[in-house]
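Colleague: Pasting a structure below so you can have a look.
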Amino acid sequence: MMNETESKWKRAIAGVACVGILAASLAITGCGGHGAGGKLGKPGSGVPGASMPERPSTPVDTIDAKVKQVTDYRDFTGRTAPAHSVEVRPRVSGYLNQTPNRFPSSPRPTSLAPSAQSIATDRFTRAVSYTQPFIVQAKEGEKIEAGTPLFEIDPRPYQFALEQARGNRIALEAQLERLRSELNRLEKLKPSNAISDTDLELAKANLHESEGQYQTLLAAEKRAELDLEFTQIKAPIAGILGRSLINPENVVTADTTLLTTIVSVAPIHVYFDIDEASFLEYRDLVRAGKLPAASEGSIPVSLALTNDATFPYHGRIDFQNNTTDPGTGNTLIRAEFANEQGLLTPGLYGKVRVPFSAPYEAVLVPTKCLAMDQQGKYLMVVDQDNIVHRRTVEVGTTHGSYSVIREGLMVGEQVVYEGLQKIRPKDRVQPSPSKEVPPLNTERIGQ
């Protein structure tokens, strides 16, 4: 039993000795490779002491940093509104004869035949006149001009009222002629004391009283003429006609019943709110003389509707509200657009682009080239030896698919556009100009 145990210990000690001898020989071989004239193994040969293999060059797409004159903008949400809008209401009461797109089933006569007595009164200061034929041809939703016939109220009651007023005026004119003749006769008899002073004064008083009554009747006649004229309702402004809210044969009330609406479209206004921070920043730029004030009416702005890819409409700011809303901190701004083609209509949403700087030369690269880590935004720049370097940059505003680089990049330097995920700083690359660079368009939406 004792001999068997000793034999196991001897075999274990022999194994440890062999391992030690092998390790020592390997150490001597390694030292000889460097200090005893030994040779290094070739890379990849598996020989101890061989150096690590060199990383192959990585192909990347690059783009040269460009310089272009740009202007910093900010976009705000706005809504179009008419420069002028009118609620069309009747000036007199009555039954409707005609409305846009609707005509009476049985047309009524719109004028009265003059009588023989009326014709005989033409020798006085005012002759009898009648309304001309009034035909409504406007259509709802169409563009109309000022003065276009829109509605007709039955004019017959007002024609009778005008005839009555004129009759009263004509009768009083005849009385005035008689009183003037009477006064002239009495004045001729006065030098001969054929009449008393009382009779002469009474004649003068009667004449003055009748002259006052004549002015009253003349005003009543003019008012009757206006009422008759108001039975023909015409468009007060040019614009787009709304729908008719009242059908023919219905009664309308003066100054109360809403008949339709008209909104102008050329020019058209766009209202938008500007936040407090932007408002104060712009005010500082105005004070520094870098930008014009809103009161000058020379701030150019652009507008894009919800389906526009660019800003095709151009106008100018013409109004700034005199207060800032304390609840929201916003200030109301209004811009005016010529809208000569009538493409803008009231009530549309859109983006209003306002310049926040004067034009300046800026270095631009596609926004896609930018990367970000804990140290901030950076670019991967390729030097003349095709080595990549991490470059921390200060980024300014964006213009379409491009970003302004304020600091950290020079014009003409190569920036990696495709392949950022495959490279690290100090790597060697195989740069090639990118063929899919986006166009440099500063009017694109989405900044």
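The values are calculated or read from the model by the stated rules, or taken from the named source; none is laboratory data. For clarity, every value in this text was computed on a predicted model and none was experimentally measured. Here the Cβ positions follow ideal geometry from the backbone for every residue, glycine too, while neighbour counts run over all protein chains shown. We work out accessible area using only protein heavy atoms, side chains counted, and drop any ligands, DNA or RNA first. Shrake-Rupley method; radii C 1.70, N 1.55, O 1.52, S 1.80 Å.
Colleague: Taking region 417-429 only, how many residues are of a type outside the set (Asp, Glu), part of a strand (DSSP E or B) and open to solvent by less than 100 Å² (accessible area, probe 1.4 Å)?
Modeller: Qualifying residue count for the region: 2.
Colleague: Could I ask something else about it? Name the one entry in 188, 222, 234 that is in contact (Cβ under 8 Å) with a residue 60 or more places away in the chain and of a type in the set (Lys, Arg). Spell out how you get there, then give the answer.
Modeller: Working: 188 fails: in contact (Cβ under 8 Å) with a residue 60 or more places away in the chain; 222 fails: in contact (Cβ under 8 Å) with a residue 60 or more places away in the chain.
After ruling out the rest, the residue left standing is 234.
Colleague: Take the residues in region 65-84 that are closer than 15 Å to residue 403 by Cβ and assigned to a strand (DSSP E or B); name whichever of them is least open to solvent (accessible area, probe 1.4 Å).
Modeller: 70
Colleague: Determine whether residue 278 is over 16 Å from the mean Cα position of the chain (by Cα), closer than 25 Å to residue 84 by Cα and touching a residue at least 12 places away in the same chain (Cβ under 8 Å).
Modeller: When the stated conditions are applied, residue 278 does not pass them.
Colleague: Just need a number here: residues in region 245-275 that are more than 25 Å from residue 141 (Cβ to Cβ) and more than 21 Å from the chain's Cα centre (by Cα).
Modeller: 4
Colleague: Hey, another quick one. Quick check on my filter: what residues within region 228-243 are more than 16 Å from residue 347 (Cβ to Cβ) and touching a Lys or Arg at 6+ places or on another chain (Cβ under 7 Å)?
Modeller: Matches in region 228-243: 230 only.
Colleague: Filter region 359-375 for residues that are out of contact with any Leu (no Cβ under 7 Å at 6 or more places or on another chain) and open to solvent by 20 Å² or more (accessible area, probe 1.4 Å) and give the result.
Modeller: 359, 360, 361, 367, 368, 372, 373, 374, 375
Colleague: Still on this model: Considering (1) buried (at least 19 other Cβ atoms within 10 Å of the Cβ); (2) more than 22 Å from the chain's Cα centre (by Cα), say which one residue 311 fails and leave the rest.
Modeller: Condition (2) is where residue 311 drops out.
Colleague: Which of (1) in contact with a helix residue (DSSP H, G or I) (Cβ under 9 Å, 6 or more places away or on another chain); (2) under 30 Å from residue 135 (Cα atoms); (3) of a type outside the set (Asp, Glu); (4) open to solvent by 50 Å² or more (accessible area, probe 1.4 Å) is the odd one out, the single condition residue 230 does not satisfy?
Modeller: Failed condition: (4).
Colleague: Report every pair of residues separated by at least 6 positions or lying on different chains whose Cβ atoms are under 6 Å apart, first residue within region 193-206 and over 15 Å from residue 179 (Cβ atoms), second part of a helix (DSSP H, G or I).
Modeller: From region 193-206, the pairs are 195/186; 195/189.
Matching residues to (1) at pLDDT 90 or above; (2) in a strand (DSSP E or B); (3) of a type in the set (Ser, Thr, Tyr); (4) touching a Lys or Arg at 6+ places or on another chain (Cβ under 9 Å):
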position	(1), (2), (3), (4)
380	yes, yes, no, yes
406	yes, yes, no, no
415	yes, yes, no, yes
432	no, yes, yes, no
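Residues checked against (1) within 30 Å of residue 352 (Cα to Cα); (2) touching a Cys at 6+ places or on another chain (Cβ under 8 Å); (3) exposed (fewer than 15 other Cβ atoms within 10 Å of the Cβ):
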position	(1), (2), (3)
193	no, no, yes
206	no, no, no
210	no, no, no
216	no, no, yes
238	yes, no, no
241	yes, no, no
255	no, no, yes
279	yes, no, no
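Colleague: Output the residues belonging to region 148-195 that are in a loop (DSSP other than H, G, I, E, B) and either modelled with pLDDT of 90 or more or of a type outside the set (S, T, N, Q) (or both).
Modeller: The answer is 148, 154, 155, 194, 195.
Colleague: Taking the conditions exactly as written (open to solvent by 60 Å² or more (accessible area, probe 1.4 Å), of a type in the set (A, V, I, L, M, F, W, C) and either touching a Leu at 6+ places or on another chain (Cβ under 8 Å) or more than 30 Å from residue 76 (Cβ to Cβ) (or both)), does residue 380 satisfy them or not?
Modeller: Numbers: open to solvent by 60 Å² or more (accessible area, probe 1.4 Å): no; of a type in the set (A, V, I, L, M, F, W, C): yes; either touching a Leu at 6+ places or on another chain (Cβ under 8 Å) or more than 30 Å from residue 76 (Cβ to Cβ) (or both): yes.
Answer is no for this residue.
Colleague: Scan region 354-372 for residues that are part of a strand (DSSP E or B) and either at positive phi or under 29 Å from the mean Cα position of the chain (by Cα) (or both) and jot them down.
Modeller: Applying the first criterion (part of a strand (DSSP E or B)) to region 354-372 yields 354-355, 360-366, 371-372.
Passing the criteria: 354, 355, 360, 361, 362, 364, 366.
Colleague: Regarding region 268-285, can at least one residue be identified that is more than 30 Å from residue 325 (Cα to Cα) and in contact with a Phe, Trp or Tyr (Cβ under 6 Å, 6 or more places away or on another chain)?
Modeller: no
Colleague: Another question, then. Testing residue 225 on (1) open to solvent by 30 Å² or more (accessible area, probe 1.4 Å); (2) out of contact with any helix residue (DSSP H, G or I) (no Cβ under 8 Å at 6 or more places or on another chain), one condition comes back false. Which one is that?
Modeller: In the conditions (1) open to solvent by 30 Å² or more (accessible area, probe 1.4 Å); (2) out of contact with any helix residue (DSSP H, G or I) (no Cβ under 8 Å at 6 or more places or on another chain), residue 225 misses (2) alone.
Colleague: Among the strands (runs of 3 or more DSSP E) lying completely within region 219-320, list those that include at least 2 residues that are at pLDDT 95 or above, closer than 30 Å to residue 158 by Cβ and among the charged types (D, E, K, R).
Modeller: Here the list is empty.
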